[in-house]
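Visitor: Mind looking over this structure? Questions follow.
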Amino acid sequence: MIITPAQPDDLPILLAFRKEAAAWVGALGIDQWSRPYPADRLLATINAGTVFMVRDGDATAATITLTSDAEEGLWTDAELSEPSMFVNKLTVARTHAGRNVGGRLLDWAGDRAYRASAKWLRLDAWTTNEPLHLYYLNQGFEHVRTVREGAAVNGGPRVSGWLAQRPTRPQQHGFVDTTPTPEPVISSE
């Protein structure tokens, strides 16, 4: 499998991934990603070079967004003073489920963050998705806290405020990595 930067023509695939993931977790009784994600916002992250795709031959197996920009209102000033990278929108196609593609992708993200001189790989997860929390804990992340306050982008309570982190380090992930060398992360201090 090869990991590459996403391209603007990947937008329909990424939107379909999100819809597929929402249907899957919805069938499990979890309301995560029940609202469609704005295509223009996703295209902006693709153009910013923070979205990556895992390709398995002609199939797209997974996607991840990895950025040095933290979502506003989640992390403290002290935490933001530490160089970090943030995982968002990790999604594995159902055709590739059960093959540890997600775990390997987290290892790739931790390795990339390490190469960018980040201290932490951080994420926020859907607050009520306890199976997802357990998954991240099993991937070596430690729960930092759950943020329930602060309005979400579209108003209402924050729905993705379960915060976790793990130290970055060199990782063997098994992907052929065709992404450019990451830029060094600078803390917001």
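None of the figures in this text is laboratory data; all of them are computed from the coordinates on show. All of these numbers come straight from a predicted model, not from anything done at the bench. Cβ sites come from the backbone with ideal geometry, for glycine too, and all protein chains shown count toward neighbours.
Visitor: Tell me yes or no: at least one residue of region 78-87 is closer than 25 Å to residue 146 by Cα, among the aromatic types (Phe, Trp, Tyr) and not in a strand (DSSP E or B).
Guide: Scanning region 78-87 turns up no residue that is closer than 25 Å to residue 146 by Cα, among the aromatic types (Phe, Trp, Tyr) and not in a strand (DSSP E or B).
Visitor: Next question. Among residues belonging to region 51-71 that are free of Cβ contacts under 8 Å to residues at least 24 places away in the same chain and farther than 12 Å from residue 13 by Cβ, point out the one that is surrounded by the fewest Cβ atoms within 10 Å (Cβ to Cβ).
Guide: If we take residues in region 51-71 being free of Cβ contacts under 8 Å to residues at least 24 places away in the same chain and farther than 12 Å from residue 13 by Cβ, then 57 is surrounded by the fewest Cβ atoms within 10 Å (Cβ to Cβ).
Visitor: Would region 74-88 turn up any residue that is of a type in the set (A, V, I, L, M, F, W, C), surrounded by fewer than 16 Cβ atoms within 10 Å (Cβ to Cβ) and under 23 Å from residue 161 (Cβ atoms)?
Guide: For region 74-88, residues of a type in the set (A, V, I, L, M, F, W, C), surrounded by fewer than 16 Cβ atoms within 10 Å (Cβ to Cβ) and under 23 Å from residue 161 (Cβ atoms): present.
Visitor: So residue 163 fits all but one of (1) under 23 Å from residue 20 (Cα atoms); (2) in contact (Cβ under 8 Å) with a residue 24 or more places away in the chain; (3) hydrophobic (A, V, I, L, M, F, W, C); what number is the exception?
Guide: Residue 163 satisfies all of (1) under 23 Å from residue 20 (Cα atoms); (2) in contact (Cβ under 8 Å) with a residue 24 or more places away in the chain; (3) hydrophobic (A, V, I, L, M, F, W, C) except (1).
Visitor: Is it true that residue 117 is more than 16 Å from the chain's Cα centre (by Cα), of a type outside the set (D, E, K, R) and more than 30 Å from residue 55 (Cβ to Cβ)?
Guide: Considered against the rule, which asks whether it is more than 16 Å from the chain's Cα centre (by Cα), of a type outside the set (D, E, K, R) and more than 30 Å from residue 55 (Cβ to Cβ), residue 117 comes out as no.
Visitor: Among the residues of region 81-95, is any aliphatic (A, V, I, L, M), free of Cβ contacts under 8 Å to residues at least 12 places away in the same chain and farther than 22 Å from residue 159 by Cβ?
Guide: No, that holds for no residue.
Visitor: Is there a residue in region 122-132 that is of a type outside the set (Phe, Trp, Tyr), touching a residue at least 40 places away in the same chain (Cβ under 8 Å) and surrounded by fewer than 12 Cβ atoms within 10 Å (Cβ to Cβ)?
Guide: There is at least one residue in region 122-132 that is of a type outside the set (Phe, Trp, Tyr), touching a residue at least 40 places away in the same chain (Cβ under 8 Å) and surrounded by fewer than 12 Cβ atoms within 10 Å (Cβ to Cβ).
Visitor: Continuing with the same structure: Take residue 136 and decide whether it is touching a strand residue (DSSP E or B) at 6+ places or on another chain (Cβ under 6 Å) and of a type in the set (Phe, Trp, Tyr).
Guide: Spelling it out, residue 136 is indeed touching a strand residue (DSSP E or B) at 6+ places or on another chain (Cβ under 6 Å) and of a type in the set (Phe, Trp, Tyr).
Visitor: I need the full set of residues from region 89-121 which are surrounded by fewer than 16 Cβ atoms within 10 Å (Cβ to Cβ) and at positive phi, in order please.
Guide: 98, 100, 117
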